[in-house]
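Q: Below you'll find the structure I mean.
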Amino acid sequence: MKLNQGKSCQTTHMNPSDFMIIVKDGFNQKSIYLERSFYSIGRDRDRDIHLSCQGVSRYHASLMWLNNSYLITDGEPGGGPSKNGVTINGKKIKSKILKSGDKITFCKGAYGEVKAFHFNEKPKKSIASEKTEIESINFIDFKKFNLKNNLTPDLNLMSEHPDLSIRTDSEGRIISFQNSIDKNLPKLSTKHLNKLISECFPVKFSLCILSHYREVEKTQSLETFEYSFTYKNQVLYCEIRISPNENGCQTIFIRNINERKAVEKQLLIKANHDDLTRLPNRNFFMEKTACSVILRQRDERYHFAVIFIDLDRFKIVNDSLGHLAGDRLLIEISSRLKDCLRPQDIVARLGGDEFGILLHDIQTIDDATEVAERIQEKISLPVVLEGREIFPSASIGIAFSNFVYNSVEEIIKDADIAMYQAKYSGRAKYAVFEPEQANQSLEFLRLDSALKRAIERQEFKLLYQPIFEFKTQKLIGLEALIRWSHPQEGLLEPSHFLKHAEDAGLTDLISQLTLQESFRQIKEWESHFGNDLPIFLSINISKCQFFNSDLINLLRNLIEQYQVNASNIKLEITEATLMEDIQIAINIARCLDNLGIKFLIDDFGTGYSSLNYLHDLPIDALKIDQSFISGIEIDGINAGVTIIQSIIGLAHNLGIEVIAEGIECARHVAWLKAFKCDYGQGFYFGKPMTTENVDCLIESNFRACIKAH
Ligand code: C2E
Ligand code: MG
Ligand code: MG
């Protein structure tokens, strides 16, 4: 550090940072510390110095650093002048080198004042006497005030200076200072004069300042850094700027940036966290996983795992109980997931009902599968939403770092593939990624895009399977069954695509097409065979569709659009769907009833025991699942047959009719007739058929009816 040789310094070398401009527009006043070599001034928001005043041009003036001061120029460099011009101290100028105290007028209502902190300048008169429109900032050089004569500095001179400014000599002794108006910053008094920085501030802080001092001395340019320390029992974040002056003197500006830090912190939290669950978000998760990938590349002993979690049937909760309930479920799941992990692991919400977990520094894949099991156990505990008990479950995919991963995207993709594998193998499961799954997933993607194309090109069609009455052998209804008319593979049955469509969230579109086509068709039959058409059309409704709050509206609109007799339409809901949430199902069924649409319980008896609720549901009939019918033996009464008999008896007691599905032979018919089953459907009576064939069937059935009369 150079010692001040006591030379008086007549020529003042100035740096950009010695300047400040105080600007005032119609709304506010700002003090801007200058440090760059160029500034644009104007009304446009993206100007460096923005003045919000009508009379200010969009690009009004520029400031350019020229060796020892700023040059102000009217208008944009290379462009025309501003509308109202630039006036300095009452004189219009094209360009002018600025000096401390210059008053700039951009227009009526927008002003600027230049302040230069060069310490050899005599202190200015108080602002009160100057009567400027803008409060002046004066740097008090106590040495110039001649402290020896015990002249106390007039603190009133210090106007709204945001920084604590300290000028030190080349030894680091305080030779002058100006306190900040900020009450949270330390205040200096005359007793600090001539003291070393280290005598006035905490040791660490002083050391930090000194280390920057050296840098400033070496580079002779402004150093800016941040520092935090505890002051008056609170953490104080400061921005510290050290600027070089002549003779090895330096000026330290200390500004309280607690507010800025708080905003920065909030922004950082926002950028890395999910608003709803307060968990880290996808960004954060990707960043941390990327670190693990790199760590693994450097150290082969380090292992980690990425776990992907997708809630099963979340859409149903959202659609049936509303978004608020859905949100509450996500929050509950988030806290359960956190409970399953060690503090060093990360759980993030990746979007929608998807969560990601990074298990950091584990030994084997077993550590990850154990976590997956724990998660499944914890997640499956009931949650009460809107007074209802929901039993959540999740499909989990795990990717372990035993494979070579070159990027975070690769391992995330594998965890995702494993998760789909788990979902595909029947929900509430977990799967560990194996390379073979990638091929299956390719197949999955292929099917996905083919299905989307099929929806666009309307490659779906309906076939109709007849339902007959045992007693009269009359056709009483038709079941609409979807087929995909695949351009290469021909007519595909639902088992080839429906489940996939459901997993890929495509059922909504397919179901809408089915409903629309069914209504159009029943209208055509009504028009052709008369309004008192003696048959109904039953339409299969998927779980998603049934619990979708739009279903009732959609049906109401279709009835209106096609002007069909609502009693000619029946909806088939599987017993499994009903039992997903029986209370909601009962409400939906009642709404359907109000519309005049009845419904049938499909695949009845497959182990969901809706028997207890049958009397609460406004149902027309139940369809005994075909597995019971195929179980009818050639001779003798077996357990399967006894069940059919009991179901029929029970339903009849409740006034509900019974349809038997999957009737393939006369033997089935004989038994079912003996059990007083009402209706039957199966290949024995007719396979699913096209509309042309149905037309003939209805026609002949009509004729037979007329003959019988
Ligand atoms: P489901 O509603 O129980 O329909 C009866 C299924 O059994 C149909 O299969 C039908 O072709 C088949 N079937 C009828 N009689 C016999 C028989 O005697 N023997 C045998 N082995 N099978 C028989 P399909 O058309 O393949 O449909 C399968 C399932 O796909 C349906 O079961 C239904 O749950 C669903 N599905 C079909 N069409 C639609 C639709 O438009 N929307 C929705 N959401 N689901 C549909
Ligand atoms: Mg059905
Ligand atoms: Mg069925």
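The values are calculated or read from the model by the stated rules, or taken from the named source; none is laboratory data. Please read these numbers as outputs of a predicted model, since none were measured by experiment. Cβ: placed from backbone, ideal geometry, glycine included. Neighbour counts: every protein chain shown. Protein only, heavy atoms only, side chains kept; ligands, DNA and RNA dropped before computing areas. Shrake-Rupley method; radii C 1.70, N 1.55, O 1.52, S 1.80 Å.
Q: Just to be sure I understand, how many residues within segment 579-588 are without any contact (Cβ under 8 Å) to a residue 40 or more places away in the chain, out of contact with any helix residue (DSSP H, G or I) (no Cβ under 6 Å at 6 or more places or on another chain) and away from ligand 1 (no atom under 16 Å from the Cβ)? Steps first, please.
A: Taking segment 579-588 and keeping what is without any contact (Cβ under 8 Å) to a residue 40 or more places away in the chain, we get 579, 582, 585-587.
Next cut, out of contact with any helix residue (DSSP H, G or I) (no Cβ under 6 Å at 6 or more places or on another chain) only: 579, 587.
So of that shortlist, the ones also away from ligand 1 (no atom under 16 Å from the Cβ) come out as 587.
Matching residues across segment 579-588 total 1.
Q: Continuing with this model, one more query. Output the residue which, of all residues in segment 176-187 that are out of contact with any Leu (no Cβ under 7 Å at 6 or more places or on another chain) and open to solvent by less than 20 Å² (accessible area, probe 1.4 Å), is nearest to Gln250 (Cα to Cα).
A: So in segment 176-187, the residues out of contact with any Leu (no Cβ under 7 Å at 6 or more places or on another chain) come out as 176, 178, 181-183, 187.
Still in the running and open to solvent by less than 20 Å² (accessible area, probe 1.4 Å): 176, 178.
On the way: Ser176: 11, Gln178: 14 Å.
In this case the residue turns out to be Ser176.
Rundown of residues vs (1) closer than 18 Å to Asp18 by Cα; (2) in contact with a Phe, Trp or Tyr (Cβ under 7 Å, 6 or more places away or on another chain), yes/no style:
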residue	(1), (2)
Asn179	yes, no
Lys191	no, no
Pro202	no, yes
Ser211	no, no
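Q: A further question follows. Out of (1) outside any helix (DSSP H, G or I); (2) farther than 30 Å from Tyr405 by Cα, the odd one out for Asn247 is which?
A: (1)
Q: Mind telling me which of the residues Ala348, Ala394 ends up being in contact with a Pro (Cβ under 6 Å, 6 or more places away or on another chain) and assigned by TED's automatic domain parsing to the domain that holds His303? Working first, answer last.
A: Working: Ala394 fails: in contact with a Pro (Cβ under 6 Å, 6 or more places away or on another chain).
Going through Ala348, Ala394 in turn, the sole match is Ala348.
Q: For segment 542-578, give me the residue count where each residue is of a type in the set (A, V, I, L, M, F, W, C), within 14 Å of ligand 1 (Cβ to nearest atom) and open to solvent by less than 10 Å² (accessible area, probe 1.4 Å).
A: The number of residues fulfilling the criteria is 7.
Q: While we're here: Mind checking which residues of segment 213-247 are touching a Phe, Trp or Tyr at 6+ places or on another chain (Cβ under 7 Å) and hydroxyl-bearing (Ser, Thr, Tyr)?
A: Residues satisfying the conditions are Tyr227, Ser228.
Q: Out of all the residues in segment 560-588, which are away from ligand 2 (no atom under 16 Å from the Cβ) and of a type in the set (Gly, Ala, Ser)?
A: The answer is Ala566, Ser567, Ala585.
Q: Looking only at residues that are β-branched (Val, Ile, Thr) and exposed (fewer than 15 other Cβ atoms within 10 Å of the Cβ) in segment 255-293, which one is nearest to the chain's Cα centre (by Cα)?
A: First pass over segment 255-293, keeping only residues β-branched (Val, Ile, Thr): 257, 263, 269, 277, 289, 293.
Filter again for exposed (fewer than 15 other Cβ atoms within 10 Å of the Cβ), leaving 263, 269.
On the way: Val263: 21, Ile269: 14 Å.
Here the residue is Ile269.
Q: Given (1) surrounded by 15 or more Cβ atoms within 10 Å (Cβ to Cβ); (2) within 29 Å of Asn318 (Cβ to Cβ); (3) among the hydroxyl-bearing types (Ser, Thr, Tyr), where does Thr369 come up short, assuming only one miss?
A: With (1) surrounded by 15 or more Cβ atoms within 10 Å (Cβ to Cβ); (2) within 29 Å of Asn318 (Cβ to Cβ); (3) among the hydroxyl-bearing types (Ser, Thr, Tyr) applied to Thr369, the lone miss is (2).
Q: Which of the residues belonging to segment 79-118 are in a loop (DSSP other than H, G, I, E, B) and open to solvent by less than 30 Å² (accessible area, probe 1.4 Å)?
A: Of all residues in segment 79-118, those in a loop (DSSP other than H, G, I, E, B) come to 79-85, 89-90, 94, 98-102, 108-109, 117-118.
Those that are in a loop (DSSP other than H, G, I, E, B) and open to solvent by less than 30 Å² (accessible area, probe 1.4 Å): Ser82, Gly85, Leu98, Ser100, Gly101, Asp102, Gly109, Phe117.
Q: Might you check whether a residue that is more than 16 Å from ligand 3 (Cβ to nearest atom), under 30 Å from Ser700 (Cβ atoms) and touching a residue at least 24 places away in the same chain (Cβ under 8 Å) occurs anywhere in segment 537-559?
A: Yes, segment 537-559 contains at least one residue that is more than 16 Å from ligand 3 (Cβ to nearest atom), under 30 Å from Ser700 (Cβ atoms) and touching a residue at least 24 places away in the same chain (Cβ under 8 Å).
Q: So for segment 391-403 (the condition being open to solvent by 50 Å² or more (accessible area, probe 1.4 Å), more than 14 Å from Thr289 (Cβ to Cβ), in contact with a strand residue (DSSP E or B) (Cβ under 9 Å, 6 or more places away or on another chain) and at pLDDT below 95), does at least one residue qualify?
A: Yes: one or more hits.
Q: Quickly run through segment 579-612 and pick out the residues that are open to solvent by 60 Å² or more (accessible area, probe 1.4 Å) and under 12 Å from Ile656 (Cβ atoms).
A: If the condition is that a residue be open to solvent by 60 Å² or more (accessible area, probe 1.4 Å) and under 12 Å from Ile656 (Cβ atoms), then Lys598, Leu611 are the ones that fit.
Q: Sticking with this one: Take segment 481-501 and flag every residue that is loosely packed, with under 14 Cβ neighbours inside 10 Å and assigned to a strand (DSSP E or B).
A: Across segment 481-501, the qualifying residues are Gly490, Leu491.
Q: Hey, could you check segment 514-528 for residues that are within 19 Å of Leu463 (Cβ to Cβ) and surrounded by fewer than 18 Cβ atoms within 10 Å (Cβ to Cβ) and say which is modelled with the lowest pLDDT? Even if it seems obvious, please write down each step before you answer.
A: Restricting attention to segment 514-528, the residues satisfying the condition of being within 19 Å of Leu463 (Cβ to Cβ) are 514-525, 528.
Remaining after also requiring surrounded by fewer than 18 Cβ atoms within 10 Å (Cβ to Cβ): 516-517, 520, 523-524, 528.
Values: Gln516: 94, Glu517: 95, Arg520: 95, Lys523: 93, Glu524: 93, His528: 86.
Top of the filtered list is His528.
Q: Among the residues of segment 600-630, count how many are in contact (Cβ under 8 Å) with a residue 40 or more places away in the chain, more than 13 Å from ligand 3 (Cβ to nearest atom) and not in a helix (DSSP H, G or I).
A: 1
Q: Does Ile643 satisfy being away from ligand 2 (no atom under 16 Å from the Cβ), touching a helix residue (DSSP H, G or I) at 6+ places or on another chain (Cβ under 8 Å), assigned to a helix (DSSP H, G or I) and open to solvent by 20 Å² or more (accessible area, probe 1.4 Å)?
A: Working: away from ligand 2 (no atom under 16 Å from the Cβ): yes; touching a helix residue (DSSP H, G or I) at 6+ places or on another chain (Cβ under 8 Å): yes; assigned to a helix (DSSP H, G or I): yes; open to solvent by 20 Å² or more (accessible area, probe 1.4 Å): yes.
Taking the combined requirement at face value, the residue satisfies it.
Q: Then there is this: Does segment 490-513 contain any residue that is touching a His at 6+ places or on another chain (Cβ under 6 Å) and modelled with pLDDT of 90 or more?
A: Residues of segment 490-513 touching a His at 6+ places or on another chain (Cβ under 6 Å): 492.
Now drop any that are not modelled with pLDDT of 90 or more, which leaves 492.
Yes, segment 490-513 contains at least one residue that is touching a His at 6+ places or on another chain (Cβ under 6 Å) and modelled with pLDDT of 90 or more.
Q: Further question on the same structure: Which residue pairs have Cβ atoms under 6 Å apart, sit 6 or more places apart or on different chains, and have a first residue in segment 86-105 that is under 15 Å from Ser62 (Cα atoms) and a second that is among the acidic types (Asp, Glu)?
A: Qualifying pairs under 6 Å: Val86/Asp74; Ile88/Asp102; Lys94/Asp74.
Q: Looking at segment 475-525 only, could you name the residues that are within 11 Å of ligand 1 (Cβ to nearest atom) and hydroxyl-bearing (Ser, Thr, Tyr)?
A: Ser495, Thr507, Ser511, Thr514, Ser518, listed by residue number.
Q: Given the conditions (1) open to solvent by less than 30 Å² (accessible area, probe 1.4 Å); (2) in a strand (DSSP E or B), report the number of the one that Met64 does not fulfil.
A: (1)
Q: Restricting attention to segment 221-254, report how many residues are without any contact (Cβ under 8 Å) to a residue 12 or more places away in the chain and open to solvent by less than 40 Å² (accessible area, probe 1.4 Å).
A: 0
Q: If I ask for residues that are of a type in the set (A, V, I, L, M) and within 14 Å of Asp312 (Cα to Cα), which ones from segment 384-422 would you list? I'd like the intermediate steps shown before the answer.
A: Narrowing segment 384-422 to residues of a type in the set (A, V, I, L, M): 384-385, 390, 394, 396, 398-399, 404, 408, 411-412, 415, 417-419, 422.
Those that are of a type in the set (A, V, I, L, M) and within 14 Å of Asp312 (Cα to Cα): Ile390, Ala394, Ile396, Met419, Ala422.
Q: Ok, one more. Is it true that some residue in segment 295-306 is of a type in the set (Gly, Ala, Ser), open to solvent by 30 Å² or more (accessible area, probe 1.4 Å) and out of contact with any Gly (no Cβ under 6 Å at 6 or more places or on another chain)?
A: The answer is no, given that none of the residues of segment 295-306 is of a type in the set (Gly, Ala, Ser), open to solvent by 30 Å² or more (accessible area, probe 1.4 Å) and out of contact with any Gly (no Cβ under 6 Å at 6 or more places or on another chain).
Q: Output yes when any residue across segment 550-563 is more than 23 Å from Gln521 (Cα to Cα) and either part of a loop (DSSP other than H, G, I, E, B) or among the charged types (D, E, K, R) (or both), and no when none is. Break it down stepwise before answering.
A: The initial filter retains those residues of segment 550-563 that are more than 23 Å from Gln521 (Cα to Cα), namely none.
So far as segment 550-563 goes, no, none of its residues is more than 23 Å from Gln521 (Cα to Cα) and either part of a loop (DSSP other than H, G, I, E, B) or among the charged types (D, E, K, R) (or both).
Q: Further, regarding this structure: Residues being in a loop (DSSP other than H, G, I, E, B), in contact (Cβ under 8 Å) with a residue 12 or more places away in the chain and more than 16 Å from ligand 1 (Cβ to nearest atom): count how many of those fall in segment 646-664. Lay out the reasoning, then the answer.
A: The initial filter retains those residues of segment 646-664 that are in a loop (DSSP other than H, G, I, E, B), namely 654-656, 661-664.
From what's left, in contact (Cβ under 8 Å) with a residue 12 or more places away in the chain: 654, 656, 661-664.
Next, from what is left, pick out any that are more than 16 Å from ligand 1 (Cβ to nearest atom): 654, 656.
Adding up the residues that qualify gives 2.
Q: Pairs only if they're at least six apart or on different chains, beta carbon under 8 angstrom, first in segment 30-44 and without any contact (Cβ under 8 Å) to a residue 24 or more places away in the chain, second open to solvent by less than 70 Å² (accessible area, probe 1.4 Å) and among the charged types (D, E, K, R); list them, first residue then second.
A: Once the first residue is without any contact (Cβ under 8 Å) to a residue 24 or more places away in the chain and sits in segment 30-44, its partners that are open to solvent by less than 70 Å² (accessible area, probe 1.4 Å) and among the charged types (D, E, K, R) give Lys30/Lys24.
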